[in-house]
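J.: Handing you a structure now.
The values are calculated or read from the model by the stated rules, or taken from the named source; none is laboratory data. For clarity, every value in this text was computed on a predicted model and none was experimentally measured. Because the Cβ atoms are built from the backbone with ideal geometry, glycine has one as well, and the counts that use them run over all protein chains shown. Note: accessible area is taken over every heavy atom of the protein model, side chains too, but ligands, DNA and RNA are not part of it. Shrake-Rupley method; radii C 1.70, N 1.55, O 1.52, S 1.80 Å.
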2 protein chains.
Amino acid sequence: MLRLFHFNKLSILPSKASNFLPQTPISISKTIYNRSQMGSFSTSSSSKLLFRQLFEKESSTYTYLLADSSHPHKPALLIDPVDKTVDRDLSLIKELGLKLVYAMNTHVHADHVTGTGLIKSKVSDVKSVISKASSAKADLYVEQGDKIWFGDLFLEVRATPGHTLGCITYVTGDASDQPQPRLAFTGDALLIRGCGRTDFQGGSSEQLYKSVHSQIFTLPEDTLLYPAHDYKGFSVSTVGEELQYNPRLTKDEETFKNIMANLNLSYPKMIDVAVPANLVCGIQSKES
Amino acid sequence: MLRLFHFNKLSILPSKASNFLPQTPISISKTIYNRSQMGSFSTSSSSKLLFRQLFEKESSTYTYLLADSSHPHKPALLIDPVDKTVDRDLSLIKELGLKLVYAMNTHVHADHVTGTGLIKSKVSDVKSVISKASSAKADLYVEQGDKIWFGDLFLEVRATPGHTLGCITYVTGDASDQPQPRLAFTGDALLIRGCGRTDFQGGSSEQLYKSVHSQIFTLPEDTLLYPAHDYKGFSVSTVGEELQYNPRLTKDEETFKNIMANLNLSYPKMIDVAVPANLVCGIQSKES
């Protein structure tokens with residue numbers, strides 16, 4: 001199933017998750033503004049991805065800000081915002097003159113409270129996004145093959161369960177007017193030289209192995225991989241690198257399952273607080 | 001004075017700082033290898049900058065890895081390596097198939113011990129680089145206007161004293177075959193929405209103000225700014241952003257000096273260990 005979320009007028013978007021219906025793509029004005037003065041990825045067309053990687057030190061979480069800085073409205077989205085750094089993120093978005101449209105999660109996190117609910121309470125018209133399979137509340141539910149448009153750029157949704165049942169990977173579009181190389185936001189499915197644990201929240205090492213090999217390792221080798229966490233100070237990897245050097249996922253499936261079954265990790269210290277909160281958008285929002 | 005360090009055969013480089021003499025540029029083979037599968041900045045020519053930002057959590061220090069991944073030798077350099085993360089950095093360099101040529105510092109750090117000495121003890125032929133004005137030991141001393149070549153790419157040296165007397169900023173080249181937008185590695189001279197303190201190591205708020213305004217704020221507004229530290233989870237800024245939003249350096253000089261004179265910062269906890277060590281390349285190397 002392929003659905004398209006196209007940013008134009010926010011009022012056309014459903015206000016509640018229960019009302020969600022597939023959207024009809026809407027044509028976007030092609031008025032081109034001057035090139036912005038912000039860190040960005042150019043595309044072969046006039047569209048331009050503004051991209052920022054932001055770090056929350058306590059949980060070692062990366063939050064990603066993406067925007068179409070060439071679009072008149074400069075629509076933006078946040079992937080995996082953290083409650084504690086919401087003010088930092090919103091301040092940056094304001095300074096850069098962006099219009100935040102989506103606050104998205106790759107999955108229901110067990111190690112920090114999502115910032116989506118808090119963001120919705122502070123910025124009107126922002127829609128929370130999560131996978132349908134996550135069973136969490138949100139304004140919009142996505143699944144395999146969906147496209148999430150912001151201006152003339154889009155993210156493609158790939159279902160990558162295994163760390164949790166509802167994990168998804170967001171990948172920038174496969175088209176000549178989309179960023180090259182592509183960027184993939186893998187959540188905890190694939191970490192740099194690692195992967196997320198598979199012993200909670202519907203996790204399955206067998207499923208994670210299949211997800212990474214079928215949905216991430218099949219992307220072009222120069223695809224930039226941006227995970228939800230890094231604990232060693234790495235900021236980015238590539239499909240080519242992980243295909244060659246990931247110490248777990250380069251193994252055959254049986255060896256991988258054996259590795260994952262014998263990690264002997266301690267009980268996640270935040271899980272009993274974070275998961276119930278994240279199932280309802282960080283409990284900051286009563287609606288979603 | 002403009003000097004050129006050109007990577008070709010390492011044996012042509014001086015082995016000791018005291019022997020340093022200006023180098024004659026050496027032409028480089030233009031054989032182009034296949035595009036690598038690593039995160040990179042493309043240039044308008046065949047050269048390609050491989051770029052990685054690496055983080056050391058304890059001192060919130062960013063180390064930068066740059067390489068010409070299109071060059072047959074894949075020559076690489078590290079800016080501001082930290083002793084504690086040397087093994088991580090060298091492992092990554094090995095995995096990416098790079099040849100480390102230079103281990104460089106933006107200044108004599110007071111908050112962590114540099115990794116340059118340790119790197120030199122582990123990898124042969126690596127040259128340490130620091131500013132002449134720093135009074136620290138190194139294999140190569142650089143100053144305003146020098147160019148540091150790695151393959152067909154180069155960094156330009158800009159003197160940006162004020163945080164310390166010997167602070168320099170490394171900026172990617174201003175030429176059509178160099179990365180666009182340009183990247184500036186500002187050390188502690190300019191931080192994201194901040195700047196380094198000016199009350200130790202020959203610091204001077206007056207000098208810092210002049211340095212930033214004359215050497216960094218004059219760069220194109222889309223120049224990406226990569227500082228030596230960030231404490232709030234930001235990874236990059238731009239000249240345009242800091243010109244508009246830096247809470248200190250957007251002020252007039254007198255106000256800036258007043259701000260810097262009244263920061264009431266505590267004594268740097270690592271300074272008595274780090275500075276003596278960093279003056280001799282992290283004391284890991286007896287030679288430099």
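J.: What residue, of A:S70, A:S131, is crowded, with 20+ Cβ neighbours inside 10 Å, in contact with an Asp or Glu (Cβ under 9 Å, 6 or more places away or on another chain) and within 14 Å of another protein chain (Cβ to nearest Cβ)?
T.: Details: A:S131 fails: within 14 Å of another protein chain (Cβ to nearest Cβ).
Going through A:S70, A:S131 in turn, the sole match is A:S70.
J.: Those residues that are part of a helix (DSSP H, G or I) and within 13 Å of chain A (Cβ to nearest Cβ), I need them from the stretch B:114-123; list them, please. Step through it out loud before you land on a result.
T.: To start, the set of residues in the stretch B:114-123 that are part of a helix (DSSP H, G or I) comprises B:116-122.
Matches in the stretch B:114-123: none.
J.: On to the next question. Would you call B:G162 touching a strand residue (DSSP E or B) at 6+ places or on another chain (Cβ under 7 Å) and more than 14 Å from every other protein chain (Cβ to nearest Cβ)? Talk me through it step by step, then tell me what you get.
T.: On the way: touching a strand residue (DSSP E or B) at 6+ places or on another chain (Cβ under 7 Å): no; more than 14 Å from every other protein chain (Cβ to nearest Cβ): yes.
Here the answer is no, as B:G162 does not meet what is asked.
J.: I've got another one for you. List the number of the failed condition for A:V280; all other conditions in (1) within 27 Å of A:K132 (Cβ to Cβ); (2) open to solvent by less than 10 Å² (accessible area, probe 1.4 Å) hold.
T.: Among (1) within 27 Å of A:K132 (Cβ to Cβ); (2) open to solvent by less than 10 Å² (accessible area, probe 1.4 Å), the lone unmet condition for A:V280 is (2).
J.: From A:G194, A:G202, which residue is more than 28 Å from B:L90 (Cβ to Cβ) and either of a type outside the set (K, R) or away from chain B (no Cβ under 14 Å) (or both)? Steps first, please.
T.: Details: A:G194 fails: more than 28 Å from B:L90 (Cβ to Cβ).
Answer to the selection: A:G202.
Listed here are the residues, each with its yes/no results for (1) open to solvent by 10 Å² or more (accessible area, probe 1.4 Å); (2) in contact with a strand residue (DSSP E or B) (Cβ under 9 Å, 6 or more places away or on another chain); (3) away from every other protein chain (no Cβ under 14 Å); (4) under 14 Å from B:V126 (Cα atoms).
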{"site": "B:K57", "(1), (2), (3), (4)": "yes, no, no, no"}
{"site": "B:T61", "(1), (2), (3), (4)": "no, yes, no, no"}
{"site": "B:Y64", "(1), (2), (3), (4)": "no, yes, no, no"}
{"site": "B:P75", "(1), (2), (3), (4)": "no, yes, yes, yes"}
{"site": "B:I79", "(1), (2), (3), (4)": "no, yes, yes, yes"}
{"site": "B:D83", "(1), (2), (3), (4)": "yes, yes, no, no"}
{"site": "B:L90", "(1), (2), (3), (4)": "yes, yes, no, yes"}
{"site": "B:L98", "(1), (2), (3), (4)": "yes, yes, no, yes"}
{"site": "B:Y102", "(1), (2), (3), (4)": "no, yes, yes, yes"}
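J.: Give all pairs with beta carbons closer than 7 Å in which a residue from the stretch B:67-92 that is in contact (Cβ under 8 Å) with a residue 60 or more places away in the chain meets a residue that is surrounded by 22 or more Cβ atoms within 10 Å (Cβ to Cβ) and of a type in the set (D, E); count only pairs at least 6 apart in sequence or on separate chains.
T.: B:D68/B:D152; B:H71/B:D152; B:K74/B:D68; B:P75/B:D68
J.: Moving on. Of everything in the stretch B:81-113, what is closer than 16 Å to B:I148 by Cβ, under 16 Å from the mean Cα position of the chain (by Cα) and not in a loop (DSSP other than H, G, I, E, B)? Give them in sequence order.
T.: Hits for the stretch B:81-113 are B:L100, B:V101, B:Y102, B:A103, B:M104.
J.: Could you grab me the full set of residues in the stretch B:165-212 that are farther than 26 Å from B:G233 by Cα, out of contact with any helix residue (DSSP H, G or I) (no Cβ under 8 Å at 6 or more places or on another chain) and buried (at least 22 other Cβ atoms within 10 Å of the Cβ)?
T.: B:Q178
J.: Mind checking whether some residue in the stretch B:26-35 is within 30 Å of A:Q53 (Cα to Cα), modelled with pLDDT under 60 and either facing chain A (nearest Cβ under 10 Å) or open to solvent by less than 20 Å² (accessible area, probe 1.4 Å) (or both)?
T.: Yes: the stretch B:26-35 contains one or more residues that are within 30 Å of A:Q53 (Cα to Cα), modelled with pLDDT under 60 and either facing chain A (nearest Cβ under 10 Å) or open to solvent by less than 20 Å² (accessible area, probe 1.4 Å) (or both).
J.: Another one. Would you say A:S121 is open to solvent by 40 Å² or more (accessible area, probe 1.4 Å) and free of Cβ contacts under 8 Å to residues at least 60 places away in the same chain? Spell out the reasoning first.
T.: Numbers: open to solvent by 40 Å² or more (accessible area, probe 1.4 Å): yes; free of Cβ contacts under 8 Å to residues at least 60 places away in the same chain: no.
Criteria not met by A:S121.
J.: Need at least 3 residues that are free of Cβ contacts under 8 Å to residues at least 60 places away in the same chain and hydrophobic (A, V, I, L, M, F, W, C) per element, so show me which helices (runs of 4 or more DSSP H) inside the stretch A:176-288 make the cut, counting only ones lying wholly within it.
T.: On the way: elements: A:205-211, A:239-245, A:253-261, A:271-278.
Here the list reads A:253-261.
J.: While we're on this one: Out of the residues in the stretch B:213-263 meeting the condition of being facing chain A (nearest Cβ under 10 Å) and charged (D, E, K, R), tell me which one is most open to solvent (accessible area, probe 1.4 Å).
T.: Filtering the stretch B:213-263 for residues facing chain A (nearest Cβ under 10 Å) gives B:220-226, B:230-241, B:243-245.
Subset that is charged (D, E, K, R): B:221-222, B:230, B:232, B:241.
Values: B:E221: 77, B:D222: 41, B:D230: 12, B:K232: 143, B:E241: 9 Å².
Once the filter is applied, the top-ranked residue is B:K232.
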